[in-house]
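Derivation of every value follows stated rules applied to the coordinates shown; laboratory data play no part. Everything numeric here is computed off the predicted structure, so don't read it as measured data. As a convention, Cβ positions derive from the backbone with ideal geometry for all residues, glycine included, and neighbour counts pool all protein chains shown.
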Amino acid sequence: MLRLIGELIRPYRFKLLIILLAMLVETAMSLASPWPLKVIIDNVVGNHKLPHALDELVRPMLDHGNKLQVAGLAALAFILIALLGAVASYIDNYFTESVGQWVAHDLRMRTYHHLQRLSLGYYDTHQTGTLLSTITTDIETIQDFASSSTLNILIDMLTIVSMLGLMFWLNWDFTLIAVAVTPFLLFFISRFKKAVKKATHQVRKEESEIVAVVQQGLESMQVIEAFGRQDMEQEALNQVSHATVSAALSARKVKSLLSPIVTITVAFCTAIVLWRGASLILRDVMTIGALTVYLSYLTKFFKPVKDLATTTNAIAQATVGVERVRAILETDTILPERSDGAEPRFLKGEIVFDHVAFGYSADTPVLTDVSFKIEPGQMVGVVGPTGSGKSTVVSLIPRFYDPTSGAVKIDGRDVREYKVNPLREQIGYVLQDTVLFRGTILENIAFGRPNATRDEIVAAAQLANADEFIARMPKGYDTMVGERGSTLSGGQRQRIGIARVMVRNSPILLLDEPTAALDSESEKAVIEALERLMKGRTVVTIAHRLSTIRDADKIIVISGGVVAESGMHGELMALNGIYAGLHRTQFDASAAKASS
């Protein structure tokens with residue numbers, strides 16, 4: 001944990017030095033604050049001697065009966081001590097908050113950057129809600145610890161040592177009382193830390209479940225309302241919320257033990273000091289002012305001890321947060337990228353699968369031995385039974401995943417020899433359901449190429465048959481779309497998705513049956529746009545409706561983890577194999593539906 005915290009705070013060394021100096025001034029002022037009161041009690045009200053250095057300064061005034069002047073100086077010193085302490089406290093708090101916010105920002109960006117570089121396989125096995133909880137709650141916990149707790153621990157230790165020195169100077173046998181109790185407190189705190197960490201782990205886990213349930217519910221609200229399952233979703237949240245409350249109360253029960261134990265210990269020590277101090281004052285061995293200073297130090301001595309105990313909670317919580325963040329940062333599913341990798345400027349579009357095998361986990365292979373070749377400019381359909389690996393084949397082309405054996409080659413070079421982002425810039429995607437982002441239509445089209453001009457975006461929208469409905473909108477291309485494009489119809493979203501690929505002008509195009517969920521009118525507009533988009537490009541399309549690939553240059557049938565059949569429509573129908581069976585099933589069902 002300390003290594004990560006050290007990395008985070010290193011860029012802010014100068015600010016941390018300012019915070020440390022401010023804390024030292026605060027500590028010094030805290031140590032000095034009881035002394036003006038001692039001067040008034042012992043030397044203005046009473047007639048005791050001051051410490052030698054102070055006595056030489058004040059004694060002449062006392063000898064001339066100017067006790068009121070001494071009281072005024074003591075009051076002025078009290079104000080000055082408070083003023084310096086307040087200024088130091090302001091500087092401490094201001095820079096502490098600054099460091100904390102920037103540490104959180106740096107860690108948040110570092111974690112999110114790492115998440116964006118991970119293979120898609122990571123997201124197949126991790127809940128989004130848990131990741132969101134880590135990026136928000138856990139990073140906030142680390143922020144608090146990194147910005148303040150680390151220095152507070154140092155200052156508390158310094159305060160304890162300084163006060164022990166002063167307390168021994170004032171009365172050594174009193175101080176032995178505090179010193180004797182402290183090891184027992186520290187032992188209790190060390191035992192206490194393990195229980196707090198375990199309880200905090202459970203709280204964080206349950207909080208992540210809340211985020212996951214709420215996120216899923218909000219993203220699926222249309223389906224929930226359509227099926228009238230609001231009560232079921234509310235009950236799901238109720239269960240995880242109850243679990244969170246239970247975990248939090250269990251954690252609080254453990255944490256709440258600490259403060260009473262320290263309070264009782266302080267009260268016990270104070271009672272002994274009061275009893276012992278009273279007897280010494282009655283024998284003129286100690287002054288009332290000295291006892292007052294000592295009692296003040298005794299209370300303040302246990303405050304940093306109590307703070308260190310409280311910091312145990314912060315350490316336990318930060319440790320849990322660091323473990324969850326490191327679980328992300330140390331994930332090794334990042335696709336390896338060669339430092340000398342090629343940066344393709346414009347690919348021809350030749351695609352070769354050379355004995356490719358792949359599985360999302362080691363014990364469940366999806367592809368076992370897939371080999372085929374697509375020539376530049378060809379349109380190729382990928383079909384097969386449900387779960388045969390059609391989407392997997394397409395996902396390997398842009399290197400969303402790497403094959404477990406064999407190679408995927410583009411223009412004669414293994415895709416692993418290319419740099420990832422330049423490779424993906426040469427590939428366009430039109431999926432079954434286009435994902436739009438909250439923003440304007442212009443921004444959503446420009447997502448394909450952020451540096452595209454407005455004229456290029458409009459031209460792409462015209463080719464995608466999107467300009468006609470965009471022009472009718474209140475603000476045209478500057479119209480805001482709802483989250484995930486919820487304010488647009490399916491056909492409109494698909495045409496914006498096509499425009500996004502148009503403006504990118506990629507030589508390779510991957511399609512996942514983009515017309516499957518559209519009505520006949522929208523389908524016609526989208527097909528016209530796709531025909532323009534596919535012209536002159538290598539196209540690989542996952543075909544659910546076989547009518548869309550009847551005229552394809554090649555059809556690849558995936559079944560049993562291999563290429564079971566390959567050829568043109570007529571050739572495959574003549575084979576009377578898997579493709580012909582899928583075709584008959586689909587078209588017989590369509591004919592039966594039409595006749596009914």
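Overview of results
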read-out: Estimated vicinal HN-Hα couplings, Hz - the stretch 402-409 in sequence order (Karplus 6.51, -1.76, 1.60; Gly, Pro = x); value: 9, x, 6, 7, x, 8, 9, 10
read-out: Extended-chain gain in nm, criterion 0.36 nm per residue less alpha-carbon gap, Leu21 and Ser395; value: 129.0 nm
read-out: Charge context of Asn465, other residues only, Cβ under 11 angstrom, K/R +1, D/E -1; value: -1
read-out: Inter-label distance, nm, simple model (7 Å from Cα along the C-beta direction), Lys253/Ala459; value: 7.1 nm
read-out: Total formal charge among the other residues, if their Cβ is under 11 angstrom from that of Asp478, Lys/Arg +1 and Asp/Glu -1; value: +1
read-out: Backbone HN-Hα couplings from phi across the stretch 423-433 [Karplus 6.51/-1.76/1.60, Hz, Gly and Pro as x]; value: 5, 5, 5, 8, 10, x, 10, 10, 9, 5, 9
read-out: Residue-count net charge about Gln116 - beta-carbon cut-off 14 Å; Lys, Arg +1, Asp, Glu -1; value: +3
read-out: For Thr404, residues with placed amide H under 5 Å, excluding near neighbours; value: Ala357, Phe358, Gly359
read-out: Centre separation in Å (Cα based) which lies between the stretch 429-503 and the stretch 383-403; value: 27 Å
read-out: Potential lengthening between Leu274 and Asp402 on full extension [0.36 nm per residue; Cα-Cα distance subtracted]; value: 38.6 nm
read-out: Förster-model FRET efficiency, 51 Å R0, Tyr360 and Arg13, C-beta, rounded to 0.05; value: 0.70
read-out: Exposure proxy ranking, count of Cβ atoms within 10 Å, fewest first, for Tyr294, Tyr360; value: Tyr360, Tyr294
read-out: In Hz, Karplus ³J(HN,Hα) per residue of the stretch 19-28 (6.51, -1.76, 1.60; θ = phi - 60°; x = Gly, Pro); value: 4, 4, 4, 4, 5, 5, 5, 4, 5, 4
read-out: Amide H partners (placed H, <5 Å) of Gly428, local residues excluded; value: Ile508, Leu509, Leu510
read-out: Gained length - Asp231 relative to Ala267, 0.36 nm times residue gap less alpha-carbon distance; value: 7.7 nm
read-out: Other-chain or far-sequence residues with amide H under 5 Å of Ala564's (modelled H); value: Val557, Ile558, Ser559
